[in-house]
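K.L.:
Before I ask anything, here is the structure I am working with.
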Amino acid sequence: MSILRDARKIVINDGQFTANDNRVTVSQSAANFGRIRPRSILHILHSHSAVAGLLNASEQFDAPKCDPDTRVAIIETITDWVQAGNSSSSSSMFWLHGPAGVGKSAVAQEVALLLDKERNHAASFFFSRTAVGRNNGNMLVVTLAYQIAMNFPPIRTYIAKSIKHNPAVFTLSNKVQMQKLIIEPVNKVRKSFTYRFSNLLFRRWNQPRLIVVDGLDECDDPQVQCDLLTVIGQAIQQLHMPFRFLITSRPESHILSTFQLDSLFQPGSGIDVTQRNLGEDSDANDDIRTFLHKAFKEIQRTHPLRRHLPEVWPIPTEIEQLIQKSSGNFIYPSTVIRYIQSPLLRPHDCLRVILGLSAIPSDDRPYGRLDDLYYHIFSSIPAKHKESIKLIFDILVIPRPSEGDELGEFTTPSMLEKLLSFPTGHVEHILGNLLCLVNLHGSDKPVKILHASLADFLLDSSRSGEFHADMGRAHQALARGYTRLILEAKLTSISSQLTSSLLWRICTTCQQHTIASVLYFQALNNMRHMAPWTSYISIYSLPLPTALRNL
């Protein structure tokens, strides 16, 4: 079909035609940039932008948002930071980080919406790993420039001049794009008579302006993520207007390294960076409680089966169970509520499923969003580390009593390396990109899982599939590791107290696995004088052959 059907007397000079999904667009070629006007610069910037990542974009219709009366303190902290200072203040950065599902994007969205109402929002970009364009970090700078040009009309003239001077700017590095499309135009506006006159008479330009870069870790290339951080840092050093860059991401190892090791972010560099771990928000449990109470009241008010719900539902202890499972992360309660409020299901039965009081129907996925998140994270593990990480998590999620087993030692990176025959430093190295799931506090501190719901996911094969935690393999790995340490201890004459302690750990971590008896026998043949360990067996009711009991 002709794209110029029924057209007459048409002249196209230096046009470039692009076919995309049966749609045809005509854009200006490099030759035409010589005739750029400030009014047309928005169209040019728009054509090179990933507009699906903008605040209020149609693709963002179901974006996470903060429930009213939740996250009040952190939202107030960020808005105060944005609005602090005057027109001569320096630009600065706020890095909001935290584990997967903690609610970083919801906070960023809420802050942007609030400040947009106050005309104090310059630009936003919400990355998404699964959305074409929104996962491309190389489209960030021009997309921000497009929005800044929308909110700061005087800047358009200077962006137009920059593109006229170098029409290929859209193909250049992020650093050059930031320099030519944002830094230089902003600084020229700052020096211009228009800016000074408007600021003097109307205070039009006196407020700092918010720029949000949400979900930086969802950019599809870790190297581009680090590059964008340094490019933004350099912009903060050079901008003569008080922009506030709010960056949200998981604390991935390469992002942490950039902040900790790059000279750009060291003291004395002139860059003001505020960091906040949303996973350590002391108000999180109270906020989740508020969210759950409101959500259940709404279900009681609007659900088609509301008349058949118990008068008191849910009871307070059930709410507290859900809060405990949330581990301070909003993705768990929001996923649970989305399941319970389904008009096609019975809310009371759904809650029983969530609380483990009823079996999950075979055609149900109550934790769908949560499972998809965990599955994606584990699927992103490099192939060469996948088996090692799987074995580590198998061990980390071994069900254990809440107190009294004294087995925390085997979850430290250094002990895991000894037990699993890993080289020194290997555990912290390979878990470095999973800081959205675990906390690392040094080689001699236990690895801490950040989500109570993660163990449920890994221990349920119907949810975790190929990543299902194999308890048999975990116990065998620990038993073999402890046996090897016992034999090494015997050969090097380490004290009997240490050795009996290791024997006890074999007992308590290898229950109900036949390999345990073989390993005990092997260890005891070398150490018949270590009888005290049998008292621990009786505590844990470990079934052992009579011959071994009498040793």
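K.L.:
Out of the GluC sites (Glu not before Pro) in segment 243-350, which ones are loop residues according to DSSP with at most 12 other C-beta atoms within 10 Å? Please list the in-between numbers first.
P.N.:
On the way: sites: GLU252, GLU280, GLU298, GLU311, GLU318, GLU320; in loops: GLU252, GLU311.
Those satisfying the criteria are GLU311.
K.L.:
In nm, give the distance between the simple-model label positions of LEU261 and ASP444, each being 7 Å from the Cα along the Cα-to-Cβ direction.
P.N.:
Label-label distance for LEU261 and ASP444, simple model: 2.5 nm.
K.L.:
Tell me, what HN-Hα J-couplings in whole Hz come from the Karplus equation 6.51 cos²θ - 1.76 cosθ + 1.60 at θ = phi - 60° for each residue of segment 74-82, using x for Gly and Pro?
P.N.:
In residue order, the calculated couplings are 5, 5, 5, 4, 6, 5, 5, 4, 5 Hz.
K.L.:
While we're looking at this one, here's another question. Rounded if a/c is under 1.5, else prolate if a/b is larger than b/c, else oblate: which is segment 415-487, with a ≥ b ≥ c the root eigenvalues of its Cα gyration tensor? Before the final figure, lay out each step's value.
P.N.:
Values: a/c = 2.31, a/b = 1.22, b/c = 1.89.
It comes out oblate by the Cα gyration axes.
K.L.:
What whole-number distance in Å separates the alpha-carbon centres of segment 153-173 and segment 232-280?
P.N.:
The distance from the Cα centre of segment 153-173 to that of segment 232-280 comes to 26 Å.
K.L.:
Suppose accessible area is computed on protein heavy atoms with a 1.4 Å probe; arrange HIS254, HIS43 from highest to lowest. Walk me through the intermediate numbers first.
P.N.:
Numbers: HIS254 45, HIS43 140 Å².
Sorted by accessible area, descending: HIS43, HIS254.
K.L.:
Per residue of segment 460-477, what does 6.51 cos²θ - 1.76 cosθ + 1.60 with θ = phi - 60° give for ³J(HN,Hα)? Whole Hz please, x for Gly and Pro, Karplus curve as stated.
P.N.:
10, 5, 5, 9, 8, x, 5, 9, 4, 6, 8, 5, x, 5, 5, 5, 4, 4
K.L.:
Going by average Cβ neighbours within 10 Å, how do the peptides 134-140, 69-75 rank, with the highest at the top? Let's see the in-between values first.
P.N.:
Details: 134-140: 21.4, 69-75: 17.6.
My ranking of the peptides, most packed first, is 134-140, 69-75.
K.L.:
Given the peptides 429-436, 102-109, 219-226, arrange them by the average over their residues of other C-beta atoms within 10 Å, most packed first.
P.N.:
Values: 429-436: 20.2, 102-109: 25.9, 219-226: 16.9.
With the highest mean Cβ count within 10 Å placed first, the list reads 102-109, 429-436, 219-226.
K.L.:
5 Å is the cut-off here: which amide hydrogens, built 1.01 Å from N in the peptide plane, fall below it relative to VAL438, excluding neighbours closer than 5 in sequence?
P.N.:
For VAL438, whose amide H was placed from the backbone, the distant partners under 5 Å are LEU450.
K.L.:
For segment 288-301, what does the Karplus curve 6.51 cos²θ - 1.76 cosθ + 1.60, with θ = phi - 60°, yield as ³J(HN,Hα) per residue in whole Hz, taken in order and with x for Gly and Pro?
P.N.:
So the Karplus estimates, Gly and Pro as x, are 5, 4, 4, 4, 5, 4, 5, 5, 5, 4, 5, 4, 5, 8 Hz.
The values are calculated or read from the model by the stated rules, or taken from the named source; none is laboratory data. This one's a predicted model, so the numbers in the text were calculated from it and none came from an experiment. All Cβ positions, even for glycine, are placed from backbone atoms using ideal geometry, and neighbour counts span all protein chains on display. Side chains are part of the model used for accessible areas, which takes the heavy atoms of the whole protein and leaves out ligands, DNA and RNA. Shrake-Rupley method; radii C 1.70, N 1.55, O 1.52, S 1.80 Å.
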